[in-house]
Structures are given as structure tokens and as C-alpha cells.
There are 2 protein chains.
Amino acid sequence: MKAVVYGSGNLAWHLCPALYKAGVAFQAVYSRNPNTGKELADLLGTDYRQPNDPVHPSVDTLFLMLPDDVVRKISPSLSNVPQAVVHTSGSVPLDVLECRKRGVLYPLQTFSRELQPDMHNVPFFVETNDIGLRDSLKALASRISPLVYEANSLTRKLLHVSAVFSSNFVNHLYTLSAELLKDDNPGFNALRPLIIETAQKALMDSPKKVQTGPARRNDLSIISEHKLLLQERYPQLLPIYTLLTESIQTMYQNPDNNEL
Amino acid sequence: MKAVVYGSGNLAWHLCPALYKAGVAFQAVYSRNPNTGKELADLLGTDYRQPNDPVHPSVDTLFLMLPDDVVRKISPSLSNVPQAVVHTSGSVPLDVLECRKRGVLYPLQTFSRELQPDMHNVPFFVETNDIGLRDSLKALASRISPLVYEANSLTRKLLHVSAVFSSNFVNHLYTLSAELLKDDNPGFNALRPLIIETAQKALMDSPKKVQTGPARRNDLSIISEHKLLLQERYPQLLPIYTLLTESIQTMYQNPDNNEL
């Protein structure tokens, strides 16, 4: 596969080297940002180009590793390209791409520039309108990770929303915990073992089964004490505490486990 | 230390053996539940007793490993005991105990019966009204884990609320993610690498700095698509999605990072 990539953000920074090792020959990196664009081009041993520069005729695949709204915006301008166009977004439907051969290669992981993710452990979801492209994307992804699945646009969007809950929202709860403890020793550090244990426990069993805490036990006196403390010191956290507590209470409130 | 324990729940099940190995000689397990009570007594090589049975005069410490409301309820009945009384709760103030020598030994961890926690990695928080008791609880905890701190009742309550956010609420978000994916393949399994990566990343850096996702980028078109999907298929999750998204948007909305 002879390809170019549009974009040089966090996702491109980690996914392109993995694709390169899996056999993709990158001919150029196209980016509005010359700094990250050149850096990624150097990493891949290829050239940096401006977004509007022409694509060499030998290229067969354009990877769009761009924000979702940018994928939508530039798609019409790509409607007549002869190459396959492949985006990497969870929430953009395949058919937003208007070209003849279109595909999606969605890695379900959170990417930050500084931290090297374990690419061998990233699930990939493939969708295409073309059997040849499907097979080559699946083969490519399989050389990076054993976790390769086909998923249509709806499933992919559900996966993305789930990832928002399990990763983005979870990280925000960590952030709020750290804020709560910022004035005290040992602060957020004290929560580290608990955070790891909680993640590992949910993955060993079903998270629904291993739920613990005052809301799970419906311990109303603790819950009202916690609310009072938040009201006094961190009132902006009270709506989140209240809503998540109610959601847990509702989920486990049934005659069978009233005594838990 | 010659001790007895009141309670035979998840916490007692894991903490008593650790205390035993750290040198506590348990004289009996007192519990309303004869099944778990006898099981724990067997594990500790000691006897099971009914809650109202007398305590042997040689015992110097009573550990209360009981639900918070039970600690509150039985405390008056212990006001005249000669022994030190030590509870293990995050949210019950020290002075709820009415006896002469009182203490708290709070392990900040989530305990389930089936899963063996790594006790060497559990932070312990100690509070007492007695220097001798303080020193012996700290010495004891130090033989279990290097993470031993003193914390007053307010700090302990803040730690507990933080733990509710970082553990109980986080686990509930995992549960909601699993619900979202329950009809699709590969389901919740696909989120495993992401969940571990998210926890590890937050602990390597500050969670506030590593926040990603549509709310962090203020990607309004993705957010409204996600809301639409939830409204159609899982309307009960919409309020949580909306509130946590707004909380992230508010936290990162300032002129300095408008372009992110």
C-alpha cells in the first residue's frame, strides 16, 4: 500500500508508525501545521506537504487522521479522487466520504503525544464499501494487533460513546477527585492503588457485579454527609455526585437485593 | 495486641488476615452472620461469637469492621469499655466513638470477597485520641503497607468522597459502557485496553492534563450526534452524558486553550 496521511495530531503520531511497520509506504505527510507535520514526516522518513499540494499519481490510499468536523468538511473535495480514502474516526459514518472507494480504520484507544500506547493491544474496527479495501485494511490492522473487527457505522458510534463513558468521563472523575484532595496530604497519590484496583476488578468480572460504595449499599446517612461536605466545600461537584449516586441506586434497587 | 473483631464482611475478610500477619492476636470474631463469621474465625484460627457475647478480659482492642450506620448505632453501648475501640470507616468521625481510647484505621481500597487485593499497596489513614494507640496502629499498618498516614476526620471524609468519584462512580461508568455495548460484538471486551490505558495514563501524569475526547476538544457536532444516539437508544444515559460533558467543557473553557 502506497499512502499519504492528512493530519499530524496525536492519533497520526502513533498510528502512522504502526502502519509503516505493518507495511504501508508513506509518500508524504499533509498537514496545516508545519511543525508537527514535518516532525511526523521525519519520523516516517518521508516528505512534508501543505494540505493543498497535489498527491503523487502512484499513491493508492489517502488516510484522513483529522478531527471529525474536518473530515466532513473536506470530504466533498475528495469525491473524485481515484485513490481509496480511509478515515480513522469513531463517530463519522462511512458514507460521509463521497469517493468511490472508501473505508474506516478506527482504533479504539486514547492517544496523547507524550505517551507511547501499546499498539499490539489496540482494538481496530474496519468498515468499507469495497471488498478489496476491506481485506487489505484488515490484513494491515492484523499486523499491528490481534484485535481486529468489522463494525458498521452505528456499532462504531456506540463504541465511541462507550469509550467516552469509560475513558473521557472516567478521566474527568479522576480529575475531580484530584481537585477534592488538592489541599491535603498525601493528595491524589493516595488514590493510585484504588484506581488501578478498580479498573482491574471491573475487567476480571463484570463491572455491574463488582459495584461497591454508599450508593450501591443505599447508605443514605453517608450519602447525605457527603452531599453536605460537597455543598460546603465544592458545590460545583454536587450535581455530579447526586446524579451518579441516583443512577447507581436506581440500577440496584430491586426487591432481590434490598438488604445489600 | 490482643484483639477481637466485630463484623465479617468484605473488609474484615481481607483486613483481618493482614492484621494477623502483622502481629494481631485475634481472640474471637463477633458477627450477626454465623456463616461468614465462622468462616472468618476459621481463617484466623480463632472462635466465632454472637455480637452480645462477652469479651475476654485479656483483650485490649476491639476492631469495628461494620457498616457506618452500625458503628454509629452501637457506639453508645461501648462507651464504658476499658479496651481501645478502633473503627475502619472513611466517613465516620473519630468522636462518634464514645469510649476512652478510640481510633480509626481506614484502608483506602475497594474490597470484594472474591478478589484478593494487594494489601502491600493499600494506603492506611490513622486517627486516634491517644498517643499510645496512634503509635501502635501506625506500627501495625506499617507492617502491612508502606503507605501509612495520619489524617483527621475531615481529611478522611474528603478521601472517602474522592474514592467514591475515582472508584465507585468510575466503576458505574464502566457498567454503563457495558450496557451500551451489550447487543454488539465484541461488546465490553473491546474497551478493556482503553480502560487500563486510561487509568495508567492518569497516574503517570495529572489526569487534568491528559484529558481527551469530544468535550475536551469542544467538538459540538460529535457531542450532539452522541446525544441523539443516546436519546434514541439509551435515553436514561442522556443526563449523565450531558452533565459530565458540560463539566469538562466548563473546566477547559478559557481563552488560553480555545483552539484545542
In deg cm²/dmol, rounded to 500, what helix-only [θ] at 222 nm does chain B give when every DSSP H run of at least 4 residues adds -39500 (n - 2.57) and the total is split over its residues?
-13000 deg cm²/dmol
Give me a single rounded figure for B:206-219: the average over its residues of other chain Cβ atoms within 10 Å of their Cβ.
6
The range B:1-97 - Rg (one decimal) and Dmax (whole number), Cα, Å
12.2, 33
For the range A:108-150, the spread of Cα positions along each principal axis, largest first, Å
36, 17, 12
Once each part is reduced to its C-alpha centroid, what is the distance from the range A:171-246 to the range B:187-260 in angstrom?
18
Carbon-plus-sulfur fraction of the accessible area of the range A:17-100, 1.4 Å probe, in percent?
49
Residues of the range A:100-131 that bury at least 50 Å² of accessible area, probe 1.4 Å, when all protein chains are present rather than the chain alone, are A:Q109, A:T110, A:L115
The range A:32-94-the range B:144-165 distance, computed between alpha-carbon centres (Å):
49
For the range B:128-203, which trypsin sites (Lys or Arg not before Pro) pass both filters: DSSP loop (anything but H, G, I, E, B) and at most 10 other C-beta atoms within 10 Å?
B:K182
Starting from the Kirkwood radius over alpha-carbon pairs of the range A:151-260, derive D by Stokes-Einstein at 37 °C in a medium of 0.692 mPa s and give it in µm² s⁻¹.
205
In whole angstrom, and with the biggest value first, how far do the Cα coordinates of the range B:142-215 range along each principal axis?
48, 29, 24
Between B:R100 and the same site in the other copies, what are the distances in nm, shortest first, taking label points 7 Å from Cα along the C-beta direction?
9.4
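Using a simple charge model, +1 on the beta-carbon of Lys and Arg, -1 on the beta-carbon of Asp and Glu, nothing else, what dipole does the protein assembly as shown show about its Cα centre, in debye to the nearest 20? Kindly include the intermediate steps, with their values, before the conclusion.
Working: 50 positive and 52 negative charges, 75 e Å.
For the protein assembly as shown, the charge dipole is close to 360 debye.
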Compute the label-point distances linking A:N129 to its equivalents in the other copies; points lie 7 Å from Cα along Cα→Cβ; give nm, one decimal, shortest first.
7.6
Any idea of the total accessible area buried by the B-A contact, 1.4 Å probe, rounded to 100 Å²?
8800
Using only the alpha-carbon atoms of the protein assembly as shown, report the extent along each of the three principal axes, biggest first, to the nearest angstrom.
92, 43, 38
What's the carbon and sulfur percent of the range B:213-256's accessible surface, probe 1.4 angstrom, rounded to a whole number?
54
Would you work out the charge dipole size for chain B about its Cα centre, treating the Cβ of every Lys and Arg as +1 and the Cβ of every Asp and Glu as -1, and quote it to the nearest 20 debye?
560
With Cβ to Cβ distances under 12 Å as the rule, what net charge do the other residues near A:A215 carry (K, R +1; D, E -1)?
+1
Chain B: D in µm²/s via Stokes-Einstein (Kirkwood Rh, Cα pairs, 37 °C, 0.692 mPa s)?
155
Using a simple charge model, +1 on the beta-carbon of Lys and Arg, -1 on the beta-carbon of Asp and Glu, nothing else, what dipole does the range A:128-233 show about its Cα centre, in debye to the nearest 20?
320
Please give the peptides A:189-199, B:75-85, B:45-55 ranked by average Cβ packing (other Cβ atoms within 10 Å per residue), highest first, as a rough proxy for protection.
A:189-199, B:75-85, B:45-55
Among A:G45, A:L158, A:L243 - extreme Cα towards positive end, dipole of chain A, charges at beta-carbon:
A:G45
What accessible area per residue comes out for chain B, rounded to a whole number of Å², with a 1.4 Å probe?
42
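Cross-link list A:K182/A:K209; B:K73/B:K157; A:K227/B:K182; A:K208/B:K227: which exceed 30 angstrom alpha carbon to alpha carbon?
Exceeds cut-off: A:K182/A:K209; A:K227/B:K182.
The values are calculated or read from the model by the stated rules, or taken from the named source; none is laboratory data. Just so it is clear, the model here is predicted, and its values are computed rather than measured. Ideal geometry is used to build each Cβ from the backbone, glycine not excepted, and the neighbour counts take in all protein chains shown. Surface areas here come from the heavy atoms of the whole protein model, side chains and all, with no ligands, DNA or RNA. Shrake-Rupley method; radii C 1.70, N 1.55, O 1.52, S 1.80 Å.
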